[in-house]
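Below is one structure; the comments refer to it alone.
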Amino acid sequence: MVFLVSSSPITLHSILLARMSNTGKRRPPINKPILYMIGTSMRKWLSQYYPIIIVAVAGLFLTSNLLRPGWYLSHDGIFHIYRTEEALSMLKLGHIPLRWAGDFDQGFGIPLFSFVYPLPYYLSSVLSFLIGTMWSLKTITIAAYILGGIGMYMLLSVRERSFGLFGAVIFLLTPYQFLNIFVRGTLGETLAIGLMPWVLYSYQNLKKNNKLRWYHPLPLAGVLLAHNFLGILFAAFLFGYMLTEKTSLKRAFGSLIISLRLSAFFILPMILQKNLLYSFEYKDLTFRFDQHFVTLKQLLYSKWDYWYSMPGENDGMSFQLGIAQIILAILGIGAIIIKHRTFANLYLVLAYIGTVYLMHSKSYFIWDSLPLLQSVQFPWRFLFMPLILTPLLASNFITLIKSKNIRYILMLGFIILAFVNIRNYRNPQQFMDNKEYTDLYRLYYNKTSTTFRTEILPKWSVPHERYKTDEILVNSGNMTIDALSHDPLKITVTINNKPDNSEGRVTILRNYYPGWRVTMDNKKKIEVKPTEDGMIMLKPELGVHNYIIKMSSTPIEVLGNTITFLSGLTLGYLWYKNKKTFPLKAKSK
């Protein structure tokens with residue numbers, strides 16, 4: 001027997017390979033290592049989504065100073081804490097949709113959520129269950145800021161991803177963003193601005209596909225509920241923008257109408273019941289628009305500070321548009337006039353110039369002739385429009401540059417310039433320690449959570465602040481209160497009204513409002529009227545009766561609720577219809 005000696009060892013694997021080659025069968029595939037496959041998938045995912053990751057990381061970095069423990073000093077921050085806690089309290093009592101803030105105005109109650117944007121407080125109150133009030137407000141602020149940047153990227157990346165990334169970063173680096181977050185503490189405006197790019201992206205998507213889907217109306221409905229002033233102004237801008245595009249005009253208007261109907265439960269009472277407020281009749285008891293115009297110098301540059309908007313030019317806060325943003329807007333407008341003269345682009349130019357003009361005192365005659373515009377209170381609130389429009393205008397300039405290298409250098413240069421401009425704006429004025437926060441919290445606790453008490457006060461009330469120790473006062477007659485229970489939305493009382501020479505009257509120590517309903521013995525409805533100082537007057541019938549005084553809905557609020565509910569059904573129909581029209585995948589043969 002002869003043994004052949006081989007230099008390579010004989011293994012089971014080599015024997016199998018030899019047998020397969022002899023039989024003519026194919027060699028079995030060798031699986032790639034799992035880690036290699038994961039790495040390939042990760043690289044593919046990163047190559048697709050890296051711009052969104054960059055925008056998110058940039059947004060988190062720019063707002064990272066909010067992540068410190070504790071609460072920070074801002075114009076409206078403490079009010080958002082009160083409103084979140086009150087919204088949670090009302091929701092626990094089953095008060096949906098939110099309208100009445102029963103604990104505010106020292107327990108007399110005000111229709112806060114009928115006139116102040118409710119969406120941020122639905123979100124913050126629910127989120128506060130998990131992470132507490134302070135962190136829920138910080139989370140929503142940061143998330144809205146980042147969401148706006150991602151929305152701007154999605155909107156502008158249709159041409160090229162680098163355009164989208166550049167526009168998103170410029171959007172994030174606009175000074176007005178930091179004014180809202182760190183100085184003013186405006187939760188509603190920050191959320192509304194964060195949703196606005198998604199409104200435009202939704203419209204762009206609708207126009208591209210020429211099909212109305214259930215999700216197209218949602219961003220605009222969100223903006224309308226996130227901030228009433230900005231929502232209506234932006235809806236008006238969008239309406240004009242739609243008129244410049246003939247493509248899918250009918251579907252676009254359909255989407256706009258559905259958005260308005262979805263928000264009708266808030267928008268309708270907010271507009272049609274404004275005459276029920278004290279501030280409607282006494283406008284001098286709130287902010288006057290004519291005292292808060294800005295100058296061109298302030299728009300170009302104004303010192304960064306943490307004080308308030310003051311009458312005249314001596315403001316304690318900055319209204320600058322941003323150096324990089326101004327240059328980009330001018331270059332973008334020039335590019336549109338020279339090269340990209342479409343109706344849509346010219347409308348963007350007109351909107352930019354028009355909103356800047358409305359912030360200047362030269363536009364006084366327009367403000368004076370439009371009462372609805374006066375409800376905006378501060379002309380500089382129009383700064384949100386250049387914030388949105390600048391990246392759109394700038395994209396028209398960037399597309400003119402054919403050389404990629406020059407384009408990237410320019411974009412990087414503008415980003416550096418924008419960052420240098422805001423580098424010191426990324427901090428709040430002060431983080432409070434426990435004692436400072438407690439003192440501030442107690443200072444405004446259970447008040448109206450607005451700068452002026454009369455701003456959301458029912459018109460029957462009195463301008464001076466009141467306090468109470470009881471829920472019911474017997475004004476006249478011979479009667480006794482046999483039983484009493486109450487919460488911020490309901491009072492249940494048993495009254496024994498005995499015969500007397502004078503008519504029996506009872507005062508319920510709550511602010512009168514048309515939403516209050518009174519039933520006697522769970523059957524008979526009793527009419528109530530306001531007292532001279534704006535509380536609820538009840539005239540009990542003779543005998544022992546049980547009365548339930550409960551906050552309900554006015555006819556206008558019922559109409560708004562119904563329209564919103566029916567619009568929700570419309571979205572459900574669109575979802576079902578779109579689902580049925582999706583093409584089925586071809587079966588594999």
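Check off (1) at negative phi; (2) in a loop (DSSP other than H, G, I, E, B) for residue 522 and give me the number that stays unchecked.
That leaves (1) as the condition not met.
Considering only segment 473-519, state which residues are among the β-branched types (Val, Ile, Thr) and free of Cβ contacts under 8 Å to residues at least 24 places away in the same chain. So that I can check it myself, show each step before the final result.
Step one: filter segment 473-519 for residues among the β-branched types (Val, Ile, Thr), giving 474, 480-481, 491-495, 506-508, 518-519.
Listed by number, the residues that qualify are 480, 481.
Being among the polar types (S, T, N, Q), out of contact with any Ser or Thr (no Cβ under 9 Å at 6 or more places or on another chain) and farther than 30 Å from residue 279 by Cα is the requirement here; does residue 128 meet it?
On the way: among the polar types (S, T, N, Q): yes; out of contact with any Ser or Thr (no Cβ under 9 Å at 6 or more places or on another chain): no; farther than 30 Å from residue 279 by Cα: yes.
So residue 128 does not fit the description; no.
For a quick check of your reading: which helices (runs of 4 or more DSSP H) sit entirely within segment 236-331 and have at least 2 residues that are within 22 Å of residue 179 (Cα to Cα)? Step through it out loud before you land on a result.
Values: elements: 249-262, 264-272, 278-281, 296-300.
Counting at least 2 such residues, we get 296-300.
Of a type in the set (A, V, I, L, M) and under 16 Å from residue 549 (Cα atoms) - does that describe any residue in segment 95-102?
First, pick out the residues of segment 95-102 that are of a type in the set (A, V, I, L, M): 96, 98, 101.
Narrowing the set further to residues that are under 16 Å from residue 549 (Cα atoms) leaves 101.
Yes, segment 95-102 contains a residue that is of a type in the set (A, V, I, L, M) and under 16 Å from residue 549 (Cα atoms).
Is there a residue being assigned by TED's automatic domain parsing to the domain that holds residue 269 and touching a strand residue (DSSP E or B) at 6+ places or on another chain (Cβ under 8 Å) anywhere in segment 408-419? Write out each step before concluding.
Taking segment 408-419 first, the residues assigned by TED's automatic domain parsing to the domain that holds residue 269 are 408-419.
Narrowing the set further to residues that are touching a strand residue (DSSP E or B) at 6+ places or on another chain (Cβ under 8 Å) leaves none.
So far as segment 408-419 goes, no, none of its residues is assigned by TED's automatic domain parsing to the domain that holds residue 269 and touching a strand residue (DSSP E or B) at 6+ places or on another chain (Cβ under 8 Å).
Just one of 142, 81, 110, 131 is crowded, with 18+ Cβ neighbours inside 10 Å and under 25 Å from residue 172 (Cβ atoms); which is it? Walk me through how you get there before you give the answer.
Working: 81 fails: under 25 Å from residue 172 (Cβ atoms); 110 fails: under 25 Å from residue 172 (Cβ atoms); 131 fails: crowded, with 18+ Cβ neighbours inside 10 Å.
None of the other options fit; the residue is 142.
So which residues in segment 151-175 are among the aliphatic types (A, V, I, L, M), in a helix (DSSP H, G or I) and in contact with a Gly (Cβ under 8 Å, 6 or more places away or on another chain)? Steps first, answer last, please.
Applying the first criterion (among the aliphatic types (A, V, I, L, M)) to segment 151-175 yields 152, 154-156, 158, 165, 168-170, 172-173.
Next, only the ones that are in a helix (DSSP H, G or I) stay: 152, 154-156, 165, 168-170, 172.
152, 154, 155, 156, 168, 169, 172 - these are the residues of segment 151-175 that are among the aliphatic types (A, V, I, L, M), in a helix (DSSP H, G or I) and in contact with a Gly (Cβ under 8 Å, 6 or more places away or on another chain).
Look through 578, 561 and report the one residue that is surrounded by fewer than 16 Cβ atoms within 10 Å (Cβ to Cβ) and polar (S, T, N, Q).
Details: 561 fails: surrounded by fewer than 16 Cβ atoms within 10 Å (Cβ to Cβ).
Of the residues listed, the single one that is surrounded by fewer than 16 Cβ atoms within 10 Å (Cβ to Cβ) and polar (S, T, N, Q) is 578.
Please determine, by comparing only the residues of segment 86-142 that are among the β-branched types (Val, Ile, Thr) and either in contact with a strand residue (DSSP E or B) (Cβ under 8 Å, 6 or more places away or on another chain) or part of a loop (DSSP other than H, G, I, E, B) (or both), which one is nearest to residue 466 (Cα to Cα).
Just the residues of segment 86-142 that are among the β-branched types (Val, Ile, Thr), to begin with: 96, 110, 116, 126, 131, 133, 139-142.
Subset that is either in contact with a strand residue (DSSP E or B) (Cβ under 8 Å, 6 or more places away or on another chain) or part of a loop (DSSP other than H, G, I, E, B) (or both): 96, 110, 116.
Working: 96: 28, 110: 13, 116: 22 Å.
Of everything passing the filter in segment 86-142, 110 is nearest to residue 466 (Cα to Cα).
Give the residues of segment 354-365 that are farther than 18 Å from residue 313 by Cβ and surrounded by 13 or more Cβ atoms within 10 Å (Cβ to Cβ), sorted by residue number.
So the first thing to find is which residues in segment 354-365 are farther than 18 Å from residue 313 by Cβ, and the list is 354-355, 365.
Across segment 354-365, the qualifying residues are 354, 355.
Identify the single condition in (1) assigned to a helix (DSSP H, G or I); (2) modelled with pLDDT under 95; (3) not β-branched (Val, Ile, Thr) that residue 412 does not satisfy, given that it satisfies every other one.
Among (1) assigned to a helix (DSSP H, G or I); (2) modelled with pLDDT under 95; (3) not β-branched (Val, Ile, Thr), the lone unmet condition for residue 412 is (2).
Take the conditions closer than 22 Å to residue 187 by Cα and at pLDDT below 95 and apply them to residue 316. Does it pass? Step through it out loud before you land on a result.
Values: closer than 22 Å to residue 187 by Cα: yes; at pLDDT below 95: yes.
Yes, satisfied.
So is residue 436 assigned by TED's automatic domain parsing to the domain that holds residue 200, surrounded by fewer than 16 Cβ atoms within 10 Å (Cβ to Cβ), over 24 Å from the mean Cα position of the chain (by Cα) and within 30 Å of residue 109 (Cβ to Cβ) or not?
Numbers: assigned by TED's automatic domain parsing to the domain that holds residue 200: yes; surrounded by fewer than 16 Cβ atoms within 10 Å (Cβ to Cβ): yes; over 24 Å from the mean Cα position of the chain (by Cα): yes; within 30 Å of residue 109 (Cβ to Cβ): yes.
Criteria met by residue 436.
Name the single residue, out of those in segment 366-403 being more than 28 Å from residue 186 (Cα to Cα), surrounded by fewer than 18 Cβ atoms within 10 Å (Cβ to Cβ) and in contact (Cβ under 8 Å) with a residue 40 or more places away in the chain, that is farthest from the chain's Cα centre (by Cα).
Taking the candidates together, the pick is 400.
The values are calculated or read from the model by the stated rules, or taken from the named source; none is laboratory data. Just so it is clear, the model here is predicted, and its values are computed rather than measured. We place every Cβ from the backbone using ideal geometry, glycine too, and count neighbours over all the protein chains shown.
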